Amino acid sequence: MSWWPVLPILVPLTTAILGFAAMRSLRAQKVISIIGAAALLVVSIGLLDRVWGGGILVAQMGNWPAPFGISLVADALSAAMVFITGVIGIAVAVYSLADIDRRRNAFAFHPLLHVLLTGVCGAFLTGDLFNLYVWFEVMLIASFALLVLGGGRAQLDGAVKYVALNLISTLLLLSAVGLLYGMTGTLNMADLHLKVQEVENTGLLTAVAVLFAVAFGIKSAVFPLFFWLPASYHTPPVAISAFFSALLTKVGVYALIRTFTLIFTHDVGYTHTALLAVAALTMITGVLGAAAQNEIRRILSFHIVSQIGYMVLGLALFTPLALIGAVFYILHHIIVKANLFLISGVVNRTAGSFDLDALGGLYKSRPFLGVLFLIPALSLAGLPPLSGFWAKLILIKASLELEAYVICAIVLLVGLLTLFSMTKIWHEAFWKPRPVPRENPFAAAVVGRREMALLMTPIVALASLTVAIGLYAEPLMDLSAQAAAQLLDPSDYVRAVLGGVP
Amino acid sequence: METVLAILVGSLVAATVFLMLSRNIVKFLFGLVLLGNAANLLIFAAGRLTYARPGLIPDGAAAPLGDVANALPQAMVLTAIVIGFGLTAFAFALVYRAYQELGTTDTDEMRVAEPPLDASQLDTPAQDRRAA
């Protein structure tokens with residue numbers, strides 16, 4: 001029994017409650033929020049430190065022994081995801097100090113952000129399927145509130161689609177959990193790993209596996225279930241978009257990876273081949289959708305879809321190297337994608353638009369911002385020596401080892417098209433001369449020095465992280481390898497949860 | 001009894017699909033409510049039905065005597081009902097707000113957040129109706 005897996009849930013929850021208690025004072029809310037986010041980062045580093053090197057921490061809630069109570073489990077993958085959540089949490093919290101307007105702050109933006117963090121950390125740490133469903137709901141309700149916060153017409157329009165499709169997904173997940181319980185009589189994931197091997201009706205088991213895949217597929221926005229994402233992610237303020245794009249879809253991918261390595265490995269030939277096709281189509285449709293867009297946030301939204309394909313690809317290939325690639329890709333992508341959204345916000349603040357036609361000449365007026373954009377943009381496309389290069393390299397190597405040449409070609413082609421999209425933003429927003437402002441010349445308000453510092457600090461920090469991972473990939477690679485090893489051989493996980501070994 | 005529940009769940013899902021295929025977002029929401037009920041009944045049935053044997057432990061015994069009803073699926077259903085209630089209430093409030101702001105419940109006309117249509121599509125009947 002260890003208290004460490006509980007802390008990443010307790011810290012943001014406490015922060016949220018304190019924040020709601022301090023509803024009247026915006027200043028107090030902001031201070032609480034920043035302190036809470038910093039505390040979460042510290043706790044997540046502590047957790048990562050304790051599981052480094054193969055340790056698995058387990059906390060049995062209410063002291064019920066394993067298959068009966070709810071277990072919280074932190075293995076390498078969970079701890080890595082919680083750590084990256086902590087990083088994004090503090091980055092977005094700092095950025096939102098300057099990005100979120102007074103009205104949205106008064107509607108409890110900061111406490112809601114921490115409720116969302118609670119849900120995300122809970123989903124990463126739980127070792128119980130029904131509990132996973134509950135954390136998904138916590139996440140969902142907080143994200144609904146954040147999405148409609150301040151409620152403009154566009155936000156409501158996007159939210160209707162987001163809410164509708166995500167509610168279907170949770171109901172599918174609920175049905176799948178119920179059916180799996182009916183077959184095995186347990187909800188504990190470690191126990192399920194053992195019990196599904198005794199299920200005789202493997203056809204039904206595969207059907208339930210597909211039901212899970214569809215439910216998590218909607219969450220993680222894979223082809224052909226991604227339509228809610230580009231319809232909604234560009235509508236809320238940038239700080240919220242950045243947080244959503246970094247973490248929410250990745251929770252879906254995490255859940256896919258967890259269930260399809262720990263529970264549903266009885267028919268890899270069927271389930272993982274299906275996932276492979278889904279991954280390839282997701283990569284292609286996402287990147288083609290992005291090529292057709294002309295608004296920075298919409299381009300970035302479609303790229304989330306395309307990049308999700310890479311992560312699912314790592315799971316679908318199902319070799320040690322491919323899983324290392326998937327984990328590495330998730331961690332790299334969260335940093336890079338959040339950063340690109342944050343930069344698009346600064347572009348909007350300084351130039352008054354997200355629309356590429358209305359932008360231009362930013363490199364001349366803000367060369368530093370241009371360089372900061374290029375780092376995550378080129379990393380997303382997979383150019384060395386940035387973090388995305390290593391992520392793609394591992395996946396390509398994994399696909400070559402399996403002699404999956406078509407997949408390898410798709411990976412390379414999609415990388416090239418990503419580069420096309422990024423250079424399009426670069427050329428239109430930064431390089432070409434600034435067009436004569438057609439309408440609303442006052443939109444580009446002057447950004448104060450203090451505000452600018454608050455906006456730029458997280459961007460610079462995340463960009464440095466991207467460069468650091470690119471130049472010195474060893475620690476992250478090591479972490480991904482530990483995670484992949486535990487995923488492929490869950491015996492340690494099962495023993496830690498059921499045997500009570502710390 | 002399981003057969004009856006299975007048929008009931010199936011009919012509820014069929015009705016859900018019918019309602020969700022509508023362009024009217026309110027019908028979609030009713031579909032969502034039905035789907036939630038179908039999922040709850042499914043869990044209930046999947047947890048095996050044991051008639052009139054509550055899962056109670058008699059005085060002095062350490063475990064229930066004989067076969068009793070499984071309380072866990074019922075607890076799961078209860079949790080799901082509570083969560084579903086909250087989410088449905090939010091969804092209805094959201095759709096009402098969207099109706100106030102956008103003036104429509106037709107999902108085809110809800111495209112404020114989408115890029116503008118090109119000129120050839122602009123003269124659709126939906127556009128005329130709004131103009132009139």
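The values are calculated or read from the model by the stated rules, or taken from the named source; none is laboratory data. Quick caveat: nothing in here was measured; it's all calculated off a predicted structure. With ideal geometry, Cβ positions are generated from the backbone for all residues, glycine too; neighbour counts draw on all protein chains shown. In case anyone asks, the SASA skips ligands and DNA or RNA and just uses the protein heavy atoms, side chains included. Shrake-Rupley method; radii C 1.70, N 1.55, O 1.52, S 1.80 Å.
Between chain B and chain A, the total buried accessible area stands at approximately 2900 Å², from heavy atoms with a 1.4 Å probe. The slack in the chain from A:ASP49 to A:TYR270, taken as 0.36 nm per residue of separation less the alpha-carbon distance, amounts to 75.8 nm.
Could you order peptides A:252-264, A:41-53 by the average number of other Cβ atoms within 10 Å of their residues, highest first?
Values: A:252-264: 23.9, A:41-53: 18.4.
Going by the mean number of other Cβ atoms within 10 Å, highest first, we get A:252-264, A:41-53.
Working value for the stretch A:288-389: equivalent-ellipsoid semi-axes of 29, 15, 9 Å, each the square root of 5 times a Cα gyration tensor eigenvalue, largest first. Under the convention that each Lys and Arg Cβ holds +1 and each Asp and Glu Cβ holds -1, the size of the dipole of the stretch A:267-492 around its Cα centre is about 1120 debye.
Roughly what angle does helix B:2-20 make with the longest principal axis of chain B, taking Cα atoms, 0 to 90 degrees, to the nearest 10? With both axes taken from Cα atoms, the answer is about 10 degrees. Each Cα pair under 8 Å and six or more residues apart adds its sequence gap; the mean of these over the residue count of the stretch A:267-492 is a relative contact order of 27 percent. The helix-based estimate of mean residue ellipticity at 222 nm for chain A, built from -39,500 (n - 2.57) per DSSP H run of four or more residues and divided by its residue count, is -24500 deg cm²/dmol to the nearest 500. Kirkwood analysis of chain A, using all unique Cα-Cα pairs, places the hydrodynamic radius at 22.6 Å.
Within the protein assembly as shown, what whole-number % of the accessible surface is contributed by carbon and sulfur, with the 1.4 Å probe and all protein chains included in the calculation? Could you put the intermediate results ahead of the total?
Details: 16970 of 25210 Å².
Here it works out to 67 percent.
For A:LYS250, a cut-off of 18 angstrom between C-alpha atoms picks up these aspartates and glutamates, skipping any fewer than 8 places away in its own chain: A:ASP75, A:GLU137.
Over the stretch A:267-492, the ratio between the Cα radius of gyration and 2.2 N^0.38 Å evaluates to 1.09. Taken residue by residue and averaged, Cβ atoms of other chains lying within 10 Å of the Cβ of A:228-237 number 1. Over 20 Å between Cα atoms, which of A:LYS364/A:LYS432; A:LYS161/A:LYS424; A:LYS219/A:LYS424 qualify? Pairs exceeding the cut-off: A:LYS161/A:LYS424; A:LYS219/A:LYS424.
Distance distribution P(r), the stretch B:1-67, all Cα-Cα pairs, bin width 5 angstrom from 0: 4, 16, 18, 14, 11, 10, 8, 7, 5, 4, 2, 1, 0 percent.
Restricting the calculation to alpha carbons of chain B gives Rg and Dmax of 22.6, 80 angstrom.
Please average, across the residues of B:74-82, the number of beta carbons from any other chain that are within 10 Å of each residue's own beta carbon, and give a whole number. Kindly include the intermediate steps, with their values, before the conclusion.
On the way: counts 0, 1, 8, 2, 0, 6, 10, 0, 1.
Per residue, the average neighbour count from other chains is 3.
Pairs of Cα atoms under 8 Å, at least six residues apart: use those to get the relative contact order of chain A, whole percent. Please report the intermediate quantities before stating the final value.
On the way: 847 pairs, mean separation 85.9, N = 502.
Worked out over chain A, it gives 17 percent.
Computed from Cα atoms, the angle from the helix A:7-21 axis to the main principal axis of chain A rounds to 50 degrees. For the stretch A:333-466, the percent of C-alpha pairs falling in each 5 Å distance bin, counted from 0 to the bin holding the largest distance, reads 2, 10, 18, 19, 17, 12, 8, 6, 4, 2, 1, 0. Take every Cα pair under 8 Å whose residues are at least 6 apart in sequence, average their separation, divide by the length of the stretch A:1-96, and the relative contact order is 33 percent.
What FRET efficiency comes out for the pair A:THR423/B:THR50, r = Cβ-Cβ distance, R0 = 51 Å, nearest 0.05? Mind showing how you got there, number by number?
On the way: r = 65 Å, r/R0 = 1.27.
E between A:THR423 and B:THR50, to the nearest 0.05, is 0.20.
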